[in-house]
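All remarks here apply to the structure that follows.
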Amino acid sequence: MADLPEHVARNRAYWDAMAGDWVAPGRRNWQQDEPHWGVWQIPESEAKLLPTDLAGKDVIELGCGTAYVSAWLARRGARPVGIDNSAKQLETARAFQREFGLDFPLLHGNAENVPFPDASFDLAISEYGAAIWADPYKWIPEAARILRPGGQLIFLGNGVLFMLTVPDTDAEGPATDRLIRDYFGMYRFEWPEEDSVEFHLGYGDMIRLLHSSGLEVEDLVELRPAEGATTRFPYMSAEWARRWPSEDVWKARKRA
Ligand SMILES: C[S@@+](CC[C@H](N)C(=O)[O-])C[C@H]1O[C@@H](n2cnc3c(N)ncnc32)[C@H](O)[C@@H]1O
């Protein structure tokens, strides 16, 4: 713990404490055969985030939490490995592996410093894992390092406009149509009522970071929920998310 970066140590304690709240949502996702993404649970048939052929692919999920994304990929023939900073989240993931009869390696560690040699994976993926909880200037170059040439990085997190318009606390309600934070310089986020650290970059900074890490941007999928969609998260409303992208998915490929 002592040699962990400050934000990683804080996020470890935060996620260990939160893990109990993620068991039921984790089980719902493990039960689903078709992936359903993000806070709106948009089905893969609509979102089209995954490569069509995953059979035999070496995949790493960076910040896997309860590891349902890895489970979805394993059922499609991939060979996933999950890494997560929280031992408690991994305990839940291991319990689900037993419950659902699926086994793949799960590692306790920091996605900014992954214990694998260069060029070990065909796909690195993160849904609200490293994507928002790890420092992008560390985890994205690290993901690029462990990808094979031609390998793909896919990560999903909160949309940029959402990060600029969501109030500080859930009690203040969901994101509004008012910009309350600066776009320029956006990077590290802390909330008054949470002892955790998130990271969110603006578009130009993200494109430059991916490029300088040896990755070519292939797509930026701005997820839009269906009319009348609902979410269990109080900081987001369907009305807002129908007008602006509440979630961004970056797809990038390591230069061959
Ligand atoms: C919201 S969960 C993501 C998993 C799942 N897709 C989900 O949405 O429930 C966030 C996870 O990121 C993990 N995490 C945070 N910082 C991390 C880091 N530096 N390296 C690896 N995992 C990290 C947390 O421990 C937590 O389990």
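For K251, list the lysines whose Cα falls under 27 Å from its own Cα; do not include residues on the same chain fewer than 8 positions away.
Counting by Cα, and skipping residues close in sequence, K251 has these lysines nearby: K48, K57, K138.
Give me the percent relative contact order of the chain, please, defined on Cα pairs under 8 angstrom at least 6 residues apart.
Relative contact order comes out at 18 percent.
Percent of Cα-Cα pairs more than 18 Å apart in the range 24-111, please.
More than 18 Å apart: 40 percent of the Cα pairs in the range 24-111.
Over the Cα atoms of the chain, what radius of gyration and what Dmax do you get, in Å?
Every Cα atom of the chain included, Rg and Dmax give 17.2, 48 Å.
Which of the peptides 4-10, 125-131, 182-188 is most tightly packed, and how do the rest follow, going by the mean number of other Cβ atoms within 10 Å of each residue?
125-131, 4-10, 182-188
Indicate the gyration tensor shape class of the range 211-256 (rounded, prolate or oblate), computed on the Cα atoms with a ≥ b ≥ c the square roots of the eigenvalues: a/c under 1.5 is rounded; otherwise a/b larger than b/c is prolate and the rest oblate.
Prolate, because a/c is 1.5 or more and a/b exceeds b/c.
Bear in mind these aren't lab numbers, they're just calculated from the coordinates by the rules spelled out. A quick note: this is a predicted structure, and the numbers were derived from the prediction, not measured. Backbone-built Cβ (ideal geometry, glycine too); neighbour counts: all protein chains shown.
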